[in-house]
Structure formats: structure tokens, C-alpha cells
1. Starting from 0.36 nm per residue, how many nanometres of slack lie between Glu20 and Glu90 once their C-alpha separation is accounted for?
2. Give the residue from Ser57, Met46, Ser31 lying farthest towards the positive end of the charge dipole for the chain; charges sit on Cβ (+1 for Lys and Arg, -1 for Asp and Glu) and the dipole is referred to the Cα centre.
3. Quick one: dipole size for the chain, taken about the Cα centre, charges +1 on Lys/Arg Cβ and -1 on Asp/Glu Cβ, in debye to the nearest 20.
4. Taking Lys21 as the anchor, which lysines have their alpha carbon closer than 22 Å to its alpha carbon, excluding any fewer than eight residues away along the same chain?
5. How much length would be gained if the chain were fully extended between Thr50 and Thr64, taking 0.36 nm per residue of separation minus their Cα-Cα distance, in nm to one decimal?
6. How far is helix 3-30 tilted, in degrees, relative to the longest principal axis of the Cα atoms in the chain, given as a value from 0 to 90 rounded to the nearest 10?
7. In Å and whole numbers, how far do the C-alpha atoms of the chain stretch along each principal axis, longest first?
8. No solvent, one uniform scatterer per C-alpha: report log10 I(q)/I(0) for region 1-55 via the Debye equation at q = 0.12, 0.28 1/Å, two decimals.
Amino acid sequence: MTALEKAIADIVALHVAEAEKRIMEQISAASDRTLTFTQALDYLRMSEYTLRHLCKSKRIPHRTVGAEGSKSPRYLFSTVSLDKWKREEEARNYRPDEVSSL
């Protein structure tokens, strides 16, 4: 494969990945659901402690229902926002250049 063919293949792959991302976002937006805290635990497969900590530190997308400063706030989550957050976390934690050097 010549350098020109490789460059064209890379450009095509980039555009296909971007189009796939847009399509997946549109599909997931149509199926967005609101989850309670307990449902989000099951959806994310994480402990109550971890999810509560992520909410309190504002490191996961959520809405808080109840009085400001309440000791027991009610958290609600969007499935689309959680899916996007998971993808971003995976991308942030994955570095292919480090994997290939192992």
C-alpha cells in the first residue's frame, strides 16, 4: 500500500467512525430513559458507595431532586448521558500506544 493509499484509507476510516458515532447517538437519543439511583446501580454495575461518591464529586452526569443541601438527595440519571459518560471514561482510560509497547 502506497503512502497515498494509506492516507486515503485513514481519512475514510475517520469519516466512517464519525458517522457511526452520530448514528449511534441518534439511535440512543430515541431510546433515552430516566433511571433512579437504584436502577443506575444495576445499569452501570457499580456499588452504591462508588456511584454516590461520583455524584457528590460531580464526576458523573445526573440530576438532583430535592431541597438544596439535603442530606439524602434523590439522584436521577439519563441512559443517554450515562452511555456517553461510559464511552468517554473508556476513551480516557485506554491508550493504545501504551498497550502495544507491553
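1. Length difference between fully extended and current span is 23.5 nm.
2. With unit charges placed on the Cβ atoms, the residue in question is Ser57.
3. I would put it at about 640 debye.
4. Lys84, Lys86
5. That pair, Thr50 and Thr64, stretches by 3.4 nm at full extension.
6. Orientation of helix 3-30: about 20 degrees from the principal axis.
7. For the chain, the Cα spread along each principal axis is 63, 37, 23 Å.
8. Per q value, in the given order, log10 I(q)/I(0) is -0.55, -0.98.
We did not get these values from a lab; they are worked out from the coordinates using the rules stated. Everything quoted here is computed from the prediction, not taken from an experiment. Reconstructed Cβ throughout: ideal geometry from the backbone, glycine too, with neighbour counts over all protein chains shown.
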